[in-house]
Every structure is written in structure tokens, then in C-alpha cells.
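Below is one structure, written out as C-alpha cells; comments come after it.
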Amino acid sequence: MTQSPASILVVEDESSIASFVSLYLKNAGYGVRTASTGNDALNQVAQDMPGLIVLDLMLPDIDGIEVTKRIRQTSDVPILMLTARDEDVDKIIGLEVGADDYLTKPFNPRELVARVKSILRRSTPDRRDLESETIDHGDLHVDAGRREVRVAEEEIQLAPKEFDLLWELLDHRGLVLTRDQLLERVWGYTFAGDTRTVDVHVRQLRRKLGDASPIVTVWGVGYKVSPAKDAKKDPPKK
Ligand code: CA
């Protein structure tokens with residue numbers, strides 16, 4: 001890649017973890033800043049938006065979920081959340097409030113670097129070929145260039161990965177995509193990941209889109225897009 005490497009903000013109060021995460025990311029070529037509290041993180045984000053945030057869930061002041069919520073009010077910056085093994089419910093909430101992915105402690109730092117790379121790869125390049133593309137499906141209107149979703153005339157706010165997942169499914173309407181395929185295409189995993197990430201994002205899309213959600217569960221396989229309900233507006237052919 002020709003562009004300069006992204007800067008990464010590591011938010012972690014345990015200094016031993018913060019320093020080894022920083023070390024591995026620096027060795028992978030990223031510029032790294034650190035914050036040890038949620039407020040410190042929000043201040044740094046307000047002054048200078050990083051390219052990605054590695055965010056520990058448990059922080060001494062405001063937790064990672066609250067930090068994510070506040071950042072999402074103004075920014076789509078990718079967020080990789082770090083959670084402890086017993087914080088299962090919390091990491092699901094983390095995804096629901098707009099984190100892009102999570103890693104459970106203890107983790108292999110090489111996996112952290114791999115996740116960071118894949119998140120950045122998915123969030124920056126090759127959006128260009130989508131620029132002028134839109135898809136209409138029943139009441140749903142999705143504009144890939146503007147990253148806008150409307151149901152009838154109402155704009156729906158989606159987290160970045162929710163948008164990407166919806167687009168991926170709509171772009172392959174008629175096909176069933178497995179959870180692993182969706183992880184690979186939307187999250188950029190090249191290894192087996194935790195497919196619950198996909199399920200959580202589908203649940204959020206259904207909640208936000210309501211009756212306009214076109215996503216159908218294919219039991220034991222994955223997800224697909226249902227035919228558009230409004231027969232007068234046939235979806236454009238692929
Ligand atoms: Ca912590």
C-alpha cells in the first residue's frame with residue numbers, strides 16, 4: 001500500500017498489556033499512541049482522530065462501551081475492543097454499540113495485528129468502486145457512496161460494519177452466504193473467526209430496519225436476502 005500507515009490509539013489501563021500491544025503494532029509499522037483512561041481516550045480522539053482504536057472494555061473511569069457510544073456519535077473510526085474471557089455479554093453489547101470487532105484476553109499479539117490489518121483493509125481502500133452504486137430493495141434504499149440507508153424517506157443510522165454487512169448481502173441477493181463467508185468479506189478474516197459477530201450485527205440490522213429488513217436466516221447455513229416485497233419495484237438485476 002502506498003498510503004502512510006494508520007495511527008492507532010491503544011486505550012488500556014494495564015500498562016503491561018498496553019506496552020506489548022504497542023510494541024507489536026509499532027513493529028508492524030503503525031504509529032501508536034496510548035491512553036490509560038476513557039476520558040483520556042475521548043480527549044485524544046477529539047484532538048486528533050486516529051486511524052483505528054484498540055479499546056479495552058474495563059477502564060478505571062468510563063468503560064469501553066460508553067467510550068464507543070460517544071465516539072460513534074461523531075465518527076466511524078474502526079474500533080477493536082479487548083475483553084476478558086468472562087465478559088461475554090459485554091462484548092456482544094460492545095458490538096451492538098458499534099465496535100467493529102473484539103478480541104478476548106489473553107490473546108496472541110500476532111492475532112491482534114492480523115485483526116487490525118484486516119479491519120483497516122476493509123475500512124479504507126476499494127470503497128471507490130462502490131461510489132456511485134445504490135441498491136433499492138422494497139422500501140429500502142442503500143447508497144454505497146454516501147454510506148446512507150433509508151427506509152421509505154427516513155434515514156437509518158447504521159454502524160460501519162452493519163452497513164457493510166447489509167451491502168454484502170444485498171449485493172449478493174439470491175445467494176445464501178455462510179457466516180464464515182460474511183466474516184471473510186465484511187470483516188476481512190482469513191482464518192476461522194467467531195461467527196457470533198455476524199449474528200449480533202444481523203440482529204442489530206433487523207432491529208434498526210424493522211419490517212424493511214430483507215435479511216432471512218437460512219438455518220444451519222447462514223443468511224440471504226429475501227425477494228423485495230413491492231412487486232412494482234423489481235430489484236435491478238445483478
Ligand atoms: Ca482494563
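Work out from phi, with θ = phi - 60° and the Karplus expression 6.51 cos²θ - 1.76 cosθ + 1.60, the ³J(HN,Hα) of each residue of the stretch 48-58, listed in order in whole Hz, and give x for Gly and Pro.
My calculation for the stretch 48-58 gives 8, 5, x, x, 6, 10, 9, 10, 6, 5, 8 Hz in order.
Could you give each residue of the stretch 211-225 its phi-based ³J(HN,Hα) in whole Hz, using Karplus coefficients 6.51, -1.76, 1.60 with θ = phi - 60°, and x for Gly or Pro?
5, 7, 5, x, 8, 10, 7, 9, 4, x, 10, x, 9, 8, 9
Could you rank the peptides 62-70, 18-26 by their average count of other C-beta atoms within 10 Å per residue, with the highest value first?
In decreasing order of mean packing, 62-70, 18-26 become 62-70, 18-26.
Accessible surface of H137 in the full protein assembly, 1.4 angstrom probe, to the nearest 10 Å²?
It works out to around 10 Å².
Taking 0.36 nm per residue of separation and subtracting the Cα-Cα distance, what length does fully extending V221 through S16 add?
69.7 nm
Residues with amide H under 5 Å of A84's amide H, sequence separation 5 or more or different chain, H placed in the peptide plane at 1.01 Å from N; which?
Result for A84 returns K105.
Sort W187, W219 from largest to smallest accessible area, using a 1.4 Å probe on the heavy atoms of the protein chains.
These residues rank, largest area first, as W219, W187.
So what is the relative contact order of the stretch 128-225, in percent, for Cα pairs below 8 Å that sit 6 or more residues apart?
Over the stretch 128-225, the number comes to 26 percent.
Apply the a/c threshold of 1.5 to the C-alpha gyration tensor of the stretch 5-65 and tell me whether it is rounded, prolate or oblate.
In terms of gyration-tensor shape, oblate.
Percent relative contact order of the stretch 7-123, based on C-alpha pairs within less than 8 angstrom and at least six residues apart? If you can, show how the numbers build up before the last one.
Working: 191 pairs, mean separation 27.9, N = 117.
This gives 24 percent for the stretch 7-123.
How compact and how long is the stretch 128-225, expressed as Rg and Dmax of its alpha-carbon atoms in Å?
Rg, Dmax (Cα atoms, Å): 12.8, 39.
Pulled fully out, how much extra length does the chain show between D48 and R196, if you take 0.36 nm times their separation in residues and subtract their Cα-Cα distance?
Going from the current span to full extension adds 50.0 nm.
Per residue, how much accessible area does the stretch 7-123 show when a 1.4 Å probe rolls over the protein heavy atoms, in square angstrom? Mind showing how you got there, number by number?
On the way: 4980 Å² over 117 residues.
Here the per-residue accessible area is 43 Å².
Rounded, prolate or oblate: which one fits the stretch 7-123, using the alpha carbon gyration tensor with axes a ≥ b ≥ c (rounded when a/c is under 1.5, else prolate when a/b beats b/c, else oblate)?
Rounded.
In whole Hz, what ³J(HN,Hα) sequence does the stretch 147-158 give by Karplus (6.51, -1.76, 1.60; θ = phi - 60°), x for Gly and Pro?
6, 10, 10, 10, 10, 6, 9, 8, 7, 10, 8, 10
What is the extension gain from T134 to I62, computed as 0.36 nm multiplied by their sequence separation minus the C-alpha to C-alpha distance, in nm to one decimal? Mind dumping the intermediate values first?
Details: separation 72, 0.36 × 72 = 25.92 nm, distance 3.86 nm.
Contour length minus Cα-Cα distance gives 22.1 nm.
Could you report the stretch 128-225's accessible area per residue, 1.4 Å probe, as an integer in Å²?
Result: 48 Å² of accessible area for each residue.
The values are calculated or read from the model by the stated rules, or taken from the named source; none is laboratory data. As the structure is a prediction and not an experimental result, all values here were calculated from the model. All Cβ positions, glycine included, derive from the backbone under ideal geometry; neighbour counts span all protein chains shown. Surface accessibility is based on the protein's heavy atoms, side chains included, excluding ligands, DNA and RNA. Shrake-Rupley method; radii C 1.70, N 1.55, O 1.52, S 1.80 Å.
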